[in-house]
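Enquirer: Can you read through this structure? Questions will come right after.
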Amino acid sequence: QPAACSPCRGRRFQQHRGSVERGRTRRLVSTRVVHDRREQQATNLCPETDCNSSRGADKELLKAARQRWEAVQDSIIGLMKRGAELCLQKTLISHATMKKFTASVTEIEVISGILSKPPQKLAQALAFVREFSDLESQRDFSRGKMFKFIDLTDSVNEDGEAVKVLDEAVNAMVKELNRHVLTRMAESNSFTYSLKWTNDAEGVGMSSHKDYLEKFGSDYCDNVKRLVAESVRESMRLRSDDLYSEVLQHSTACVNYVKKFQGRQEIIDKVKAYVQASNTTEPLVVYGDSGSGKTSLLGKAASLVRSWLPESDSKDAIVLLRFLGTSPGTSSIRQTLKYLCRQLAVFGNEDDQEKCESLDDFKEILNTFYSMLERMGQFRRILVFLDSVDQLDSSDGAYHLTWVRTPLPANVKMVVSTLPNMFDLLKTFKGKLPNPDIYVEVTPLETSLCTSILSALLSEQGRTLNEQQWALVEQAFSKCSLPIYVHLLYHEVLRWRSYQQVDESSLRYT
């Protein structure tokens, strides 16, 4: 099925439609458009059988409608392609958007599944390309199952008879697509088969292409087994790698924290300004009461930090993120810094990795950490995010902040967060780092923002509240507007029904 027949976004379709509508074209396109009122911008091109299916039409009417659809389908596809090309010429759409209207579903799948993937992903893919060396030279394309193996188009011969002829433009595109696929794929993962055409009933079958079919079946089974075995070995290797598990745990936590992050733009902008500043050589300290959203904020900043860097620095930047106290590797400052050293060593050499594996003395770990930051910071940006310093145990002077050294090495930024009163950490930070510009307080949310966040969360689930329920919620937010309370209340009101009497006690906070 051509991609042009798939649902398309309303704005793009109207641009497209305006470029091609003339006379009969207007009538043809207009009679084949269905607007889905459940989604404001959805516009579908669909068979008349689909348009009429809800009218209780009988089988004969549906059959007639299907035949009419088949008669105009090629015309619609041609119009969509021509309209897309005109829109591209007028710079109304991009080349990628044009492809959605001019490429077949199969071509879109190949582009998405192979041509747009990075090399490491292609190692897990296989390509099998079959070619007929003599199919295009055939004189009569109406014989056998030829139409299933090559693209044909309608034409008229010298006697005025309707005939099928080779669609040279489309077949050239297929060859070019195959060439691109084989160029991208590793030789061990790509297979090409050249066949001779035979006009038997099957087109390709055991009677005429037994050797090919057996070879293809064998190649397919053997190589799928090979890729599965390689994937299992790699998975087992990673499972036994404690550093990989440690980094993955914090990365996964970050994704979960930022999924429903909203607001706090002013604080995000302050973190961004700190990262981009060239004259700041101290860590940025983010503090706030429990439940104020510090963890989500640091996760959000870590997820955005590459976009804040110049394009030349973004790709090679190293982002080190830890939610302290949430894993075996972050229970103490000693373990945290050791794992950070090991993660940095991945970007270094084998000597670094061997050295970091054997580290045990805290002073040696600390010296190695800052030494690696200084050395690697000469060639790339390094961003360190450490959330909840208060969650570390007290060993190795964690609360005395002996592990914080200033000035930070060049091209290194560090963002830490803490509760203000736990273990007098904020007081200790300010005693060690007196610069007031490096402190950012996370305060409770405004009541209006709490309501907006809750509304957005409910909307994602296709839910809302009635006026009486919103009044109760807003009253609750006026008493407590911590982000953690917003999310707790969300899970509570998600169970409400519009007709039920709400128990105000269910909104109490502690």
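Enquirer: Given the criteria of a type outside the set (Gly, Ala, Ser), part of a helix (DSSP H, G or I) and in contact with a strand residue (DSSP E or B) (Cβ under 8 Å, 6 or more places away or on another chain), does Val305 qualify?
Expert: Judged against the criteria, Val305 is a match.
Enquirer: Next question. How many of the residues making up region 146-195 are assigned to a loop (DSSP other than H, G, I, E, B), within 19 Å of Glu136 (Cβ to Cβ) and not aromatic (Phe, Trp, Tyr)?
Expert: Within region 146-195, residues that are assigned to a loop (DSSP other than H, G, I, E, B), within 19 Å of Glu136 (Cβ to Cβ) and not aromatic (Phe, Trp, Tyr) number 4.
Enquirer: On to the next question. Scanning region 113-131 for residues that are charged (D, E, K, R) and under 17 Å from the mean Cα position of the chain (by Cα), which turns out least open to solvent (accessible area, probe 1.4 Å)?
Expert: Lys117
Enquirer: Further question on the same structure: Have a look at Leu243, Leu248 and point out the one that is open to solvent by 50 Å² or more (accessible area, probe 1.4 Å), of a type outside the set (S, T, N, Q) and modelled with pLDDT under 90.
Expert: Unique residue meeting the criteria: Leu248.
Enquirer: Now for a different question. Consider only pairs whose beta carbons are under 6 Å apart and that are at least six residues apart or on different chains; among these, list those whose first residue lies in region 301-329 and is within 20 Å of Val285 (Cα to Cα) and whose second residue is of a type in the set (Phe, Trp, Tyr) and crowded, with 16+ Cβ neighbours inside 10 Å.
Expert: Listed pairs, sorted by first residue: Ala302/Phe385; Leu321/Phe385.
Enquirer: Further, regarding this structure: If Phe379 meets every condition in (1) in a helix (DSSP H, G or I); (2) closer than 23 Å to Asn411 by Cβ apart from one, which number is that one?
Expert: Going through the list (1) in a helix (DSSP H, G or I); (2) closer than 23 Å to Asn411 by Cβ, Phe379 breaks only (1).
Enquirer: Okay, moving on. With respect to Lys175, determine if the residue is open to solvent by 80 Å² or more (accessible area, probe 1.4 Å), touching a strand residue (DSSP E or B) at 6+ places or on another chain (Cβ under 6 Å), in the same structural domain as Pro119 (by the TED database) and free of Cβ contacts under 8 Å to residues at least 24 places away in the same chain.
Expert: Considered against the rule, which asks whether it is open to solvent by 80 Å² or more (accessible area, probe 1.4 Å), touching a strand residue (DSSP E or B) at 6+ places or on another chain (Cβ under 6 Å), in the same structural domain as Pro119 (by the TED database) and free of Cβ contacts under 8 Å to residues at least 24 places away in the same chain, Lys175 comes out as no.
Enquirer: What number of residues in region 257-302 are under 19 Å from the mean Cα position of the chain (by Cα), at pLDDT 85 or above and surrounded by fewer than 22 Cβ atoms within 10 Å (Cβ to Cβ)?
Expert: 1
Enquirer: Restricting attention to region 120-164, which residues are of a type in the set (Gly, Ala, Ser), in contact with a strand residue (DSSP E or B) (Cβ under 8 Å, 6 or more places away or on another chain) and closer than 19 Å to Phe191 by Cβ?
Expert: Ala127, Ser133
Enquirer: Considering only region 179-210, how many residues are open to solvent by less than 40 Å² (accessible area, probe 1.4 Å), modelled with pLDDT of 75 or more and not aromatic (Phe, Trp, Tyr)?
Expert: Selection size over region 179-210: 7.
Enquirer: Can you name every residue in region 256-286 that is in contact with a helix residue (DSSP H, G or I) (Cβ under 8 Å, 6 or more places away or on another chain) and part of a helix (DSSP H, G or I)?
Expert: Tyr257, Val258, Ile267, Ile268, Val271, Lys272, Tyr274, Val275, Gln276
The values are calculated or read from the model by the stated rules, or taken from the named source; none is laboratory data. In this text the structure is predicted, and so the values were computed from the model without any measurement. No Cβ is skipped: glycine too gets one built from the backbone with ideal geometry, and neighbour counts run over all protein chains shown. Accessible surface is based on the protein model in full, side chains and every heavy atom, while ligands, DNA and RNA are left aside. Shrake-Rupley method; radii C 1.70, N 1.55, O 1.52, S 1.80 Å.
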